[in-house]
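Down below is the structure, laid out as structure tokens.
Please treat every number below as a calculation from the coordinates, not as lab data. Just so it is clear, the model here is predicted, and its values are computed rather than measured. Positions of Cβ are backbone-derived with ideal geometry, glycine not excepted, and every protein chain shown enters the neighbour counts.
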Amino acid sequence: MSKISDWLGGLGSGLNKLAARLGERRAEAEQTPDGGGPSAYAPSGASGATALPAEDHPPLPAAAPAVPRRTDPASSVPWGMRVAAEAGWRLLVLAGTLWVLMQVISAVRLVVLSFVVALLITALLQPTVARLRRAGLPRGVATAVTSITGFVLMGLAGWFVVWQVMENIDNLSGSVQDGIQEMKTWLLNSPFHVTEDQINDIAENLSDAVGTNTQAITSAGLQGVTVVIEVLSGLFLALFSTLFLLYDGRKVWNWTLRLVPAQAREGVAGAGPRAWDTLTAYVRGTVMVALIDAIFIGIGIYFLDVPMAVPLAVIIFLGSFVPLVGAVVSGALAVIVALVTNGPFSALLVLAVVLLVQQIEGHILQPFILGRAVRVHPLAVVLAVATGSMIAGIGGAVVAVPLVAVTNTVVSYLARHAREQALRDAAPAAPGTEPGPGPVERPAD
């Protein structure tokens, strides 16, 4: 047993010496990279170990060679192309948004047009409501008096036009037949060498065309009935919306402001009244200009003894709400009626009257009545009318120009407000002061 104990004790002491030697080797290895310890090729403490000569092994490199860095692919694209790409995808997003918006508007076109017409009628009648309220009438009574009076006047005007047309339709039909006969006689005696057989062939071809397209004409008539139903529904919706806009217009506006983010609410709250002033000025100015056109052209065609002078004047009044196109079409209608009823000389006189009144209206009345607040460039007017008519027909052409005028006012104000806000943010605050609170929303009355 004593021999086993001695043997185990010797084994333990040997293991301790081996552990100590391994620790010395580890310390030497940790000192070698810094150059402060002995070489790894000649460890100290090892019996019989000799250092290797320096020429027998290559020297260690001071640092690893630099690897060339890969360039960013975006840096190889020209700056102008990168700017164009950034602007391009944003324009694509805007175009997609506008396309979706147009699709939504087309799907609910009747509702949108009815609401826009209600806004136009409200802009025309709202000053009267405000005047009656200042006179002491309650809001409900002022709204009822104004709306009932306005709707009755518009209904009487429509009834008067229909009545005049029905009263003069027989005389107009006879005048048209007489005018066609006079034109036939003039063509036979004209230097164009038109024969009576050629005229009869033309009349027969027209009759055959009408008989061939009877089904198409019938379907067009059925579509016309559908259009009439849609128009009546739109008018009812417009009148209903007008009543609520006249009565609760400010509450509707305050509710709309709550949907706007708080950061943009101040700018939108300032742009809204300015947009409404622009719309009101446009509607009132357009009504005044259209009334002047209808009165003076109606007086002219009345003294020229053209049939249905009053209905033609009303049509000219309504056509004046469509810029450029409406005045031309309504004036051409008056010239055609004068041509088929009273002959070419009377038609030339009517044309002179229409052109004279429209030139005075375009160069004197519109700049004076509408003013600079709602002035729109003629190119913008043409493009707006064309776009509105393509999207929503006659209704779109009517609302296109006031929409452009209001948009111009809103964009100009928001740009000016953004510049003023940037200047206020950049200005240093006075010592001892704190930034004031944000805009306080006006409570609904």
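Some points to look at:
- With the simple model of a label 7 Å out from the Cα in the direction of the Cβ, Asn189 to Arg419 spans 7.0 nm.
- Counting 0.36 nm for each residue step from Ala20 to Phe303 and taking away their Cα separation leaves a gain of 88.7 nm.
- Report note on the peptides 258-267, 313-322: ranked by the mean count of other C-beta atoms within 10 Å, highest first, their order is 313-322, 258-267.
- Straightening the chain between Gln263 and Lys251 buys 2.2 nm, computed as 0.36 nm per residue apart minus the Cα-Cα spacing.
- Residues Glu167 and Ile394, FRET efficiency given R0 of 35 Å [Cβ-Cβ distance, rounded to 0.05]: 0.85
- Backbone N within region 241-258 under 13 Å of label point (7 Å from Arg139 Cα along the Cβ vector): 244-255
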